[in-house]
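The values are calculated or read from the model by the stated rules, or taken from the named source; none is laboratory data. Here the structure is a predicted model, which is why all the values come from computation and not from measurement. Cβ coordinates were reconstructed from backbone atoms using ideal geometry, including for glycine residues, and neighbour counts include every protein chain displayed.
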Ligand SMILES: [Zn+2]
């Protein structure tokens, strides 16, 4: 048994030793044709097809234009040549660039570390290869807002790091690890609005969450549980031992705790009928009344049922946790929570932080039988 654990620890260490840097596909959903670059901190060298083209000085702006299958480098009106592969490598400290897409026009953002550009399928593909910890801090800023406390930010940093490593090969076919939009995790460049986020991230450096078999967990989160989290198999196909339904008093009263939605009785009945429900033409709206509020996989009426997730999609509901009543020709859904409900509730975690709980308490409350391990420490 001991030997198996040592082998598993070694496997985790090997996995992560590759992952100190991470490669992110920037502006993945945009067809970039022109990009402007300038240096914010540090010093950058610009390489084209393995030749040093120039060192970028402060206050210089470099234009990169897609022309055919190459990228033309321009400085003011001076043409510095066209290349298949461009590398932008940080050679100073705190290397950071400002990057602005000009075609299409997008807001400028600041990014850290190194960049690799080439034309793929008629558009400029930009890969940002950066320190995993820089990435995690930036994602915490994008996903976690700027008004929370330190234990919450530590929690979110561990979640985002675990997610990044668990999904390390998600975009392998595209030539990078993760994209920068919500398909993976929202990444909008350098964390710069909150020192607390940068500090909380560095205080959890290298920490990730594993389950009892030492596998990285699916560190899912959402806005508010509505008072009960959902078991993974109620929302997705897979059952995960650490994603159970728990009663969550900390989400009660949060900003996204309550919602209401009215659906015309005719729409409600017609959708259920489309899904095979046998409903009498003389049905009364109040026959649908249901005051129970608990997490379940299926909505049941008579002898028919449909997944709550299908109802959520169809009627664009904030969650799958709601009671049903009837008034004035409308089915009234009184709901709790916002999001899929599996794993950590962000508003609940913020409340736990305010009440004095640590990041360990918060993680172990929302994920069952998990361990927070330092991958770095496993080396020794
Ligand atoms: Zn993605």
Do you know which residues across segment 307-341 are assigned to a loop (DSSP other than H, G, I, E, B), in contact (Cβ under 8 Å) with a residue 60 or more places away in the chain and surrounded by fewer than 21 Cβ atoms within 10 Å (Cβ to Cβ)? 329
Just wondering, is there one or more residues in segment 250-259 that are in contact (Cβ under 8 Å) with a residue 12 or more places away in the chain and closer than 12 Å to residue 344 by Cα? yes
What pairs come out if I take residues in segment 155-176 that are in the same structural domain as residue 140 (by TED's automatic domain parsing) and pair them with residues that are part of a helix (DSSP H, G or I) and within 14 Å of the ligand (Cβ to nearest atom) whose C-beta lies under 6 Å away, six or more apart or interchain? 160/139
Residue 104 vs (1) surrounded by 19 or more Cβ atoms within 10 Å (Cβ to Cβ); (2) away from the ligand (no atom under 15 Å from the Cβ): all pass except (1)
So which residues in segment 189-207 are under 20 Å from residue 164 (Cα atoms) and out of contact with any strand residue (DSSP E or B) (no Cβ under 6 Å at 6 or more places or on another chain), if there are any at all? 191, 197, 198, 199, 200, 201, 202, 203, 204, 205
Please indicate, with yes or no, whether at least one residue in segment 205-223 is away from the ligand (no atom under 16 Å from the Cβ), farther than 30 Å from residue 334 by Cβ and part of a helix (DSSP H, G or I). no
Looking only at segment 163-180, how many residues end up being buried (at least 24 other Cβ atoms within 10 Å of the Cβ) and over 30 Å from residue 70 (Cβ atoms)? 2
Residues 43, 20, 51: which one is farther than 23 Å from residue 123 by Cβ and modelled with pLDDT of 95 or more? 51
State whether one or more residues within segment 143-156 are within 16 Å of the ligand (Cβ to nearest atom), farther than 19 Å from residue 97 by Cα and at pLDDT 95 or above. no
Among the residues of segment 268-306, how many are out of contact with any helix residue (DSSP H, G or I) (no Cβ under 8 Å at 6 or more places or on another chain), closer than 14 Å to residue 324 by Cβ and part of a helix (DSSP H, G or I)? 4
